[in-house]
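What follows is a single structure, written as structure tokens, with notes after it.
The values are calculated or read from the model by the stated rules, or taken from the named source; none is laboratory data. All values reported here derive from a predicted model rather than from experimental measurement. Quick reminder, even Gly has a Cβ in these numbers, built from the backbone with ideal geometry, and neighbours come from all protein chains shown.
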Amino acid sequence: MPLLEVPGPLYGYRAWRFYPGKTGLHSLSSGHAWPDDRPKAALCIRNFVPWLSHGPAPSTGCTCGIYAWKDIPEKAYSPSGMQPAWGVVELTGHVIEHTAGYRAQYAKPVAIEWVEGIEPAARRYGLIVVADIREWRG
Ligand SMILES: [Zn+2]
């Protein structure tokens with residue numbers, strides 16, 4: 001359950017799927033690369049159904065929004081066969097705070113932890129590359 005609603009910008013951690021030597025950052029659950037010229041905007045499937053629509057994502061009564069952790073979880077999500085890249089996102093627009101993280105209307109990557117082959121993606125998105133993302137400070 002949401003604790004409270006807070007204004008952006010805030011910063012949170014999240015992981016992306018990437019392909020070494022390529023430039024795209026992809027959500028772990030989607031095949032589409034994040035945009036590199038604007039923040040990623042949250043969409044809600046309910047807004048495509050007139051009688052379920054709740055207005056801009058995220059909504060307090062829904063699970064939509066772009067997710068980010070307040071801290072990197074101890075057991076970082078790492079789907080089999082996937083090399084996640086951990087980074088920091090700037091969250092703007094409407095942001096809902098939860099115990100361990102946020103759901104945001106807009107998110108833009110600002111920093112990423114170095115992993116083999118991340119340089120092309122870092123250049124494309126204009127990211128600060130750091131050795132340990134836990135030590136990043138905006
Ligand atoms: Zn929703």
Checklist entry - Condition test on residue 92, is it at pLDDT 90 or above, among the β-branched types (Val, Ile, Thr) and either touching a Leu at 6+ places or on another chain (Cβ under 8 Å) or away from the ligand (no atom under 16 Å from the Cβ) (or both)? => result yes
Checklist entry - Restricting attention to region 57-73, which residues are of a type outside the set (Ser, Thr, Tyr), more than 8 Å from the ligand (Cβ to nearest atom) and under 19 Å from residue 34 (Cα atoms)? => result 66, 68, 69
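Given the criterion at negative phi, away from the ligand (no atom under 14 Å from the Cβ) and at pLDDT below 95, identify the matching residue among 118, 45, 112. Before the answer, list the steps.
On the way: 45 fails: away from the ligand (no atom under 14 Å from the Cβ); 112 fails: at pLDDT below 95.
Answer to the selection: 118.
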